[in-house]
Structures are given as C-alpha cells and as structure tokens.
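One structure is given below, encoded as structure tokens.
The values are calculated or read from the model by the stated rules, or taken from the named source; none is laboratory data. All of these numbers come straight from a predicted model, not from anything done at the bench. Using ideal geometry, Cβ is built from the backbone for each residue, glycine included, and neighbour counts are taken over all protein chains shown. Just the protein is used for accessible areas: all its heavy atoms, side chains included, with ligands, DNA and RNA removed. Shrake-Rupley method; radii C 1.70, N 1.55, O 1.52, S 1.80 Å.
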Amino acid sequence: MAVCAGSVSAQTAEVRLVEELRLGRIEGSGPDLFADIHDLAVDPEGRIYVVDVGWKEVRLFDRDGRFVRRLGAEGGGPGERPYLNIGTTRVTWDAHRDRLWIDDGLHRLVLDSLGTEYARATRPPSFLPPNAEPIGTVVAVDAQGRLYQYLWGPSPNRDSRYRYMARATVDSEYAIVPDGTLLIEAVAEVEDAPRTSHNRGGSLTVTVKRAEPSRVIGTVSSDGELWVADINGRHLRQLSFRGDTLRTITPADVAGEPVWAELDVSPEGWFWLRREPDSDESSTWDLLDNCGAYRGFASVPHRVSLTSVGSGGRIHVVASGALDIPFISRLRVDMDVTRRSC
C-alpha cells in the first residue's frame, strides 16, 4: 500500500552547515594526504574509515581526526587484499558485529578495527554467458545484522543490465545467506561509436556497448528500510523485498527543480538528497524530516562526490579541493533533527 506523507508547513530557508572537522592536505606527506578515495564509513564511536585506492589501503582516524592505523593494505597475506583500478571499492561498518567489510565485487575482506582478519572471499570474474552472474557489493548492514548488497548482472541476450538490492543474513563464518532480492532497475545497453586503434601492423576497429545512465538512486536506512527515488522524479518510495510500495513521499516546497544525485537516510529518519551540482564550486542537499516534510536546503562551497550521513544532523563528505585533491569534512546542520511523530 502506498501512503502519502502528511503535509506540514515547510521551512524553505537555507540551513547553515557548520564544519567540525577536516582531513586532507595538498602537499607534504602523511596519512591525511589522499589520492583516490572510493568510500568512507563511520562507526558509532565516530571513527572514520577511508578506503583510498590510490594508496591501496584503508586508513582509520579517530573522532578528532587523529590517524590510528592502516588496514587492509595491498597484498596477499592475512588482513591484506588486492586493489583494482576498475569499479568501486566500498567500506561498510557492521555495528552489530564490530566488523569492517571491504568489498569491490570480486574481493571481499572482513576485519575488526585492529586489522585482524575474520573472513575473505574471492570471486573469479565471469562476464560472458552462460557463466555470467550478478556481481554483488556490500553497501549496508542494519541494526539486526542483516547485510545488503547491490547486485549488477547482464540479461541473457546481453542487451541490458539489471541492478538489484539483495538482503542476506550472515552465518558464524561470515558467509552470506540470501534472504531476499528486489529488482531496482533495468538499464539498456546501446552501441557506442566505433573506435579504431592504429599500430605498425595495421588497425583494429571495435564497436563498444555502453550502458545508459542510471535513472534510480537508493539507500538502506539503519533500520533496514529500502528507499529509492527516480533521479528526475519528485517522489521517494519505501519498498519491501517483495516489491511492494510501503510508503510514498512527495516533497512539497522544494526550492527549484533539482536533479538528485545521491540519497541518504539518517538514523532519525531524515532524508538528505544531494543535488546534481550546477557547477564544480558548490554542492547542495535538500533536507526532508522523517515525516517527509521539506525542511530547507544546505550548501557547501566544494564539489562533493560522496556523503555519509550520521545521527544528530552530522554528515561526513568526500570533497575536492585545490588541484582536485580529495579531502574529508565533517559537517553539522544548525537545526534540530530529532524524529517527530507524523
């Protein structure tokens, strides 16, 4: 059943974001000099885990930004893993087990905050039918310890790709036991222009297939709620893993007609919708409370590529500074973000 959110008077003014912490430098050396940040995670103690594929490791910082240790470094020994220059390497903190999941779809490693290895899995790539299977990447763990993955897989005739959200339980050996899968999106593949490569022996021309841009963004809340939004749409939907729409939110009074690039949900149930930037000089979020009422927008003067939303109105972002060198910023929204009764 689709249930429309109750309307309340929206606060459409700009909401101030206060920077509490910044990690990153553009020169010198040290653990706060980043190269290619793929993902970050924050545990309940406020410790920050940063996967830097450029340096081929995960770096752990405490709540105050002090460097603690390196985890999951490049290699084949205990607590180590290979790093790929394709795809995205994700890091997810599992508060239910106090474990860190590092996953790129082909290599998965489970560690504690000291770097002790608890499990690993390697999947040989098999991209061609009939052996092609969806590639899964761990993206979230809820309070009950259930694990969530994004799965990408080709159709049998290879003319499209499918994106799923999969839920699973985890056994005592950290094996993933499927518990439900929902098709989120089918993306058609179209032929790109022929490309020709020349060398002394002649030339080779190939026609490349590329996928259409994704039309759907989504996230899983800490309560295990699956939310999706059409990038150009004006509504959000909470879905069950049976495919039912449990709740629909159509935010009113949103300033302008933004195209949303990222969706996150805080532990209080607030929605942070990051807009596609109009330029490389700033980034903006639309904020909705847990009842779906639009509460305003917040901006920073940086190009943000990734957001990790926490409790108490705090977010961690990966942004680009001078010379496009990434840095991490912890920001706090200057308003009350407690959960209210709808």
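For segment 199-230, taking the residues that are open to solvent by 30 Å² or more (accessible area, probe 1.4 Å), outside any strand (DSSP E or B) and in contact with a strand residue (DSSP E or B) (Cβ under 7 Å, 6 or more places away or on another chain), the one that is nearest to Val138 (Cα to Cα) is identified as Glu225. Only a single criterion out of (1) part of a loop (DSSP other than H, G, I, E, B); (2) buried (at least 21 other Cβ atoms within 10 Å of the Cβ) is not satisfied by Leu331, namely (1).
Scanning segment 298-325 for residues being open to solvent by less than 40 Å² (accessible area, probe 1.4 Å), assigned to a strand (DSSP E or B) and closer than 20 Å to Gly46 by Cα gives a total of 9.
Here is a check on your reading of the model: is Glu74 free of Cβ contacts under 8 Å to residues at least 40 places away in the same chain and open to solvent by 40 Å² or more (accessible area, probe 1.4 Å)?
Judged against the criteria, Glu74 is a match.
Of all residues in segment 261-291, those that are more than 22 Å from Ala95 (Cβ to Cβ), assigned to a loop (DSSP other than H, G, I, E, B) and open to solvent by less than 10 Å² (accessible area, probe 1.4 Å) total 2. Among the residues of segment 131-162, those identified as at pLDDT below 90 and charged (D, E, K, R) are Glu133, Arg158, Asp159, Arg161. The one condition from (1) at pLDDT 80 or above; (2) closer than 27 Å to Arg161 by Cβ; (3) open to solvent by 20 Å² or more (accessible area, probe 1.4 Å); (4) within 20 Å of the chain's Cα centre (by Cα) that Arg242 does not meet is (4). Under the condition of being closer than 16 Å to Gly24 by Cβ, assigned to a strand (DSSP E or B) and within 22 Å of the chain's Cα centre (by Cα), the residues counted in segment 59-85 number 3.
In segment 324-338, the residues that are closer than 14 Å to Asp64 by Cα form Cβ pairs under 6 Å with partners that are at pLDDT 95 or above and open to solvent by 40 Å² or more (accessible area, probe 1.4 Å), at six or more places apart or across chains, as follows: Ser329/Glu19; Ser329/Arg22; Arg330/Glu20; Leu331/Glu19. The numbered conditions (1) farther than 23 Å from Arg303 by Cα; (2) open to solvent by 10 Å² or more (accessible area, probe 1.4 Å); (3) under 20 Å from the mean Cα position of the chain (by Cα) are all true for Thr88 except (1).
Could you please let me know if Asp253 is open to solvent by 50 Å² or more (accessible area, probe 1.4 Å) and on the phi > 0 side of the Ramachandran plot?
On the way: open to solvent by 50 Å² or more (accessible area, probe 1.4 Å): yes; on the phi > 0 side of the Ramachandran plot: yes.
So Asp253 fits the description; yes.
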